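This report refers to the structure that appears directly beneath it.
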Amino acid sequence: MSISAPVAELDSRFSSPDATPTSWEKARESLNQAGTYWLTTVRSDGRPHVTPLVAVWQDDALYFCTGPTEQKAKNLVQNPRCILTTGCNSFSEGLDVIVEGEAKQVSDENLLQRLAAQWKAKYDWPFDVRDGAFYGDGGRADVYEVKPAKVLGFGKGEPFSQTSWRF
């Protein structure tokens with residue numbers, strides 16, 4: 001399943017004069033291939049919370065998992081809006097991608113089995129699926145889906161570019 005490609009819009013205020021919008025295919029490839037992502041949530045008192053984690057891209061959404069007692073899980077109970085960021089730590093090359101959306105806990109066993117297979121293939125991280133969650137060495141991990149509401153892409157190096165996609 002794949003959503004139709006959103007229209008890419010270049011923000012000329014933050015782009016080199018000769019920049020062109022980054023294609024959605026390139027942004028999606030970055031989301032699929034990334035190894036580390038940064039999740040930003042909001043604590044109940046309004047302070048931000050940022051943490052690195054691993055995730056997989058499947059069916060036009062990002063999926064991550066966390067223990068039910070971890071701070072990010074507690075934050076998402078209060079406010080499901082979040083941001084997932086990935087990219088590289090270089091100023092002169094690469095593409096940073098930011099996904100804005102709402103995290104929704106998933107428990108469908110068939111989907112979880114497919115996701116567990118992706119975690120194993122991508123990270124060599126095995127999970128058992130039962131009771132609507134992942135189980136591994138650390139115990140239970142609830143799985144969350146973030147379907148993009150808005151995506152930003154920051155092309156680095158010459159030309160620099162800022163592209164946005166809305167869904």
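Tell me, yes or no, whether the range 86-93 has at least one residue that is in contact with an Asp or Glu (Cβ under 9 Å, 6 or more places away or on another chain), in contact (Cβ under 8 Å) with a residue 12 or more places away in the chain and charged (D, E, K, R).
Scanning the range 86-93, I find no residue that is in contact with an Asp or Glu (Cβ under 9 Å, 6 or more places away or on another chain), in contact (Cβ under 8 Å) with a residue 12 or more places away in the chain and charged (D, E, K, R), so the answer is no.
Counting only residues that are aromatic (F, W, Y) and touching a helix residue (DSSP H, G or I) at 6+ places or on another chain (Cβ under 9 Å), which one in the range 120-147 is surrounded by the fewest Cβ atoms within 10 Å (Cβ to Cβ)?
Here is the first cut: in the range 120-147, the residues aromatic (F, W, Y) are 123, 125, 127, 134-135, 144.
Now drop any that are not touching a helix residue (DSSP H, G or I) at 6+ places or on another chain (Cβ under 9 Å), which leaves 125, 127, 134, 144.
Details: W125: 15, F127: 20, F134: 24, Y144: 24.
If we take residues in the range 120-147 being aromatic (F, W, Y) and touching a helix residue (DSSP H, G or I) at 6+ places or on another chain (Cβ under 9 Å), then W125 is surrounded by the fewest Cβ atoms within 10 Å (Cβ to Cβ).
Of these, T69, T20, which one is exposed (fewer than 13 other Cβ atoms within 10 Å of the Cβ) and assigned to a loop (DSSP other than H, G, I, E, B)? Spell out the reasoning first.
Details: T20 fails: exposed (fewer than 13 other Cβ atoms within 10 Å of the Cβ).
Going through T69, T20 in turn, just one is exposed (fewer than 13 other Cβ atoms within 10 Å of the Cβ) and assigned to a loop (DSSP other than H, G, I, E, B): T69.
Of all the residues that make up the range 33-50, how many are surrounded by 14 or more Cβ atoms within 10 Å (Cβ to Cβ) and either in contact with a helix residue (DSSP H, G or I) (Cβ under 7 Å, 6 or more places away or on another chain) or part of a helix (DSSP H, G or I) (or both)?
5
Please determine, by comparing only the residues of the range 4-17 that are loosely packed, with under 13 Cβ neighbours inside 10 Å and aliphatic (A, V, I, L, M), which one is nearest to F160 (Cα to Cα).
Here the residue is V7.
Quick one: which of G87, G101, G138, G155 is under 24 Å from H49 (Cα atoms), of a type outside the set (S, T, Y) and in contact with a Ser or Thr (Cβ under 8 Å, 6 or more places away or on another chain)?
Numbers: G101 fails: in contact with a Ser or Thr (Cβ under 8 Å, 6 or more places away or on another chain); G138 fails: in contact with a Ser or Thr (Cβ under 8 Å, 6 or more places away or on another chain); G155 fails: under 24 Å from H49 (Cα atoms).
Checking each option against the conditions leaves just G87.
We did not get these values from a lab; they are worked out from the coordinates using the rules stated. Fair warning: this is a prediction, and the values are worked out from it, not measured in the lab. Cβ sites come from the backbone with ideal geometry, for glycine too, and all protein chains shown count toward neighbours.
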